[in-house]
Amino acid sequence: MKGTSLVIGGVGGQGVILTARILSEAALAHGLKVQMSEVHGMSQRYGSVVSTVRMGSVQTSMVKKGEADAIVGFEPLESVRMLPYASRKTIVVTALTPIRPLLVVLGKESYPSLEELHRTLRERAGRVLAIDADRIARSVGDPVVANSVLLGALLGTKVVPVPLERVRRVLAEHVPGKLLAANLEALDIGYGIAVQDEYSIQFA
């Protein structure tokens, strides 16, 4: 099979690495060759974290510039920061909720408007799914499951050659029992959104 290259990023504490591992393990269980890398911009909470996952006929875990089939951003500005990996064939799945860096909180820098960030994404990628993952996560009872919403949306784009049910089983192996139901519901909602394209924001 042709290789599939994914870039997943956000900030510390959002579950970027866990999401990449769940996806990688599900791909392995599905019989695919998988390579994964982790890049920690900062080891502290709210520092940038990026993970790459490559499946199929690939020789390295590293994704070259312009090579990503899909980018998943857990935070809007982090989604834009990953655009060097994108081309006009890339699908971007991005969260809507900003997490403002410390310098922005202290008033020393400004955070771009969401409209500006989304316009940049649209200009550089082939398709953008902007999803209010935090609102959906709260609606299923736990804000920490936003990463499962975005993972489900990625699966719903059909870019990843791994069935939803396979990911559900691996997710169940990693998530504590008290959080499992919310994670699975979040995963399913995200999947459905991508299939229906109902949260995709279109720009003129």
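Below, the figures for the structure above:
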{"read-out": "Helices (runs of 4 or more DSSP H) enclosed by the range 1-110 - at least 3 residues per element that are open to solvent by less than 30 Å² (accessible area, probe 1.4 Å) and at pLDDT 90 or above", "value": "16-29, 76-81"}
{"read-out": "Residue in the range 155-166 that is at pLDDT 95 or above, in contact with a Leu (Cβ under 9 Å, 6 or more places away or on another chain) and of a type in the set (D, E, K, R) present", "value": "no"}
{"read-out": "Any hit, the range 168-175, residues being crowded, with 23+ Cβ neighbours inside 10 Å, closer than 13 Å to residue 27 by Cβ and of a type in the set (Val, Ile, Thr)", "value": "no"}
{"read-out": "Qualifying residue in the range 193-201 (condition: open to solvent by 40 Å² or more (accessible area, probe 1.4 Å) and among the hydroxyl-bearing types (Ser, Thr, Tyr))", "value": "yes"}
{"read-out": "Residues that are farther than 23 Å from residue 35 by Cβ and open to solvent by 10 Å² or more (accessible area, probe 1.4 Å), drawn from the range 151-167", "value": "165"}
{"read-out": "Pairs with Cβ under 8 Å, 6+ apart, first in the range 88-104 and more than 10 Å from residue 75 (Cβ to Cβ) and without any contact (Cβ under 8 Å) to a residue 12 or more places away in the chain, second surrounded by fewer than 24 Cβ atoms within 10 Å (Cβ to Cβ) and among the hydroxyl-bearing types (Ser, Thr, Tyr)", "value": "104/110; 104/111"}
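The values are calculated or read from the model by the stated rules, or taken from the named source; none is laboratory data. What you see is a predicted model; the values in this text were computed from it and never measured. Backbone-built Cβ (ideal geometry, glycine too); neighbour counts: all protein chains shown. Ligands, DNA and RNA are excluded from the accessible area calculation, which covers all protein heavy atoms including side chains. Shrake-Rupley method; radii C 1.70, N 1.55, O 1.52, S 1.80 Å.
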